[in-house]
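In what follows, a structure is listed as structure tokens, so that the remarks can point back to it.
The values are calculated or read from the model by the stated rules, or taken from the named source; none is laboratory data. None of the values given here were measured: they were computed from a predicted structure. Heads up, the Cβs are rebuilt from the backbone with ideal geometry, glycines too, and the neighbour counts pull from every protein chain shown.
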Amino acid sequence: MAEIIDSLTKRLLPDGAFGLFDPRDEDRPFRLSMRGGEAYRVLEVLLGDIACMLDSAGSRNSLPGLLIHDCPREADMSVGLYENFLSLIGTLEKEEFAERASPFQYIVTTTTPPPANLRDDAVCLELDPSSAEGLLFGRRFGSEQQEELN
């Protein structure tokens, strides 16, 4: 995990930035060497999740290879940093898994359009929360279903 987070950080951030992984740290197991306020704290979580997803894609794992980020940019990251992050995911898929099918599916819900270089490759769905048909999985999860179970 330490190698993966460090590699992702070096590819995304300039000026010798590096990523760290400390499995004993329950609050922030993934850290970036750069300081930048809340945007970089969000980026630590996003890159940590991607590191876990990439690690799970290995042959020694049998995890589903699915990651969903629900609105990770809104109010926390600049558009530029967010677009660079999404472009990194696209680059990873094209470079690391060019010879075979990508072993993961990355889903991100956002109100921000994908970067121009990803628009042809990305599957973009417009969701509408006013009906079940407009929801990502065609149904609501959470409090309504808890009430139905009781």
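Based on what the data block shows, is residue 95 at pLDDT below 85, assigned to a loop (DSSP other than H, G, I, E, B), surrounded by fewer than 18 Cβ atoms within 10 Å (Cβ to Cβ) and of a type in the set (Asp, Glu)?
It is false that residue 95 is at pLDDT below 85, assigned to a loop (DSSP other than H, G, I, E, B), surrounded by fewer than 18 Cβ atoms within 10 Å (Cβ to Cβ) and of a type in the set (Asp, Glu).
Go through the stretch 37-51 and give me each residue that's modelled with pLDDT of 90 or more and either more than 23 Å from residue 79 (Cβ to Cβ) or β-branched (Val, Ile, Thr) (or both).
Within the stretch 37-51, 45, 50, 51 qualify.
Which residue is modelled with the lowest pLDDT, if the candidates are limited to the stretch 1-36 and must be within 20 Å of residue 65 (Cα to Cα) and surrounded by 15 or more Cβ atoms within 10 Å (Cβ to Cβ)?
Restricting to residues being within 20 Å of residue 65 (Cα to Cα) and surrounded by 15 or more Cβ atoms within 10 Å (Cβ to Cβ), the top hit is 1.
May I ask you to list the residues in the stretch 1-31 that are without any contact (Cβ under 8 Å) to a residue 60 or more places away in the chain, assigned to a helix (DSSP H, G or I), out of contact with any strand residue (DSSP E or B) (no Cβ under 7 Å at 6 or more places or on another chain) and within 17 Å of residue 84 (Cβ to Cβ)?
7, 10
When you scan the stretch 37-45, do you find a residue that is surrounded by fewer than 16 Cβ atoms within 10 Å (Cβ to Cβ) and touching a residue at least 60 places away in the same chain (Cβ under 8 Å), even just one?
no
If only one of 64, 72 is in a loop (DSSP other than H, G, I, E, B) and either of a type in the set (S, T, N, Q) or within 18 Å of residue 114 (Cα to Cα) (or both), which one is it?
It is 72.
Which residue, of 63, 135, 81, is surrounded by 10 or more Cβ atoms within 10 Å (Cβ to Cβ), at pLDDT 80 or above and touching a helix residue (DSSP H, G or I) at 6+ places or on another chain (Cβ under 9 Å)?
81
Answer yes if at least one residue in the stretch 40-59 is assigned to a helix (DSSP H, G or I), farther than 16 Å from residue 108 by Cβ and aromatic (Phe, Trp, Tyr), and no otherwise.
Checked the stretch 40-59: at least one residue is assigned to a helix (DSSP H, G or I), farther than 16 Å from residue 108 by Cβ and aromatic (Phe, Trp, Tyr).
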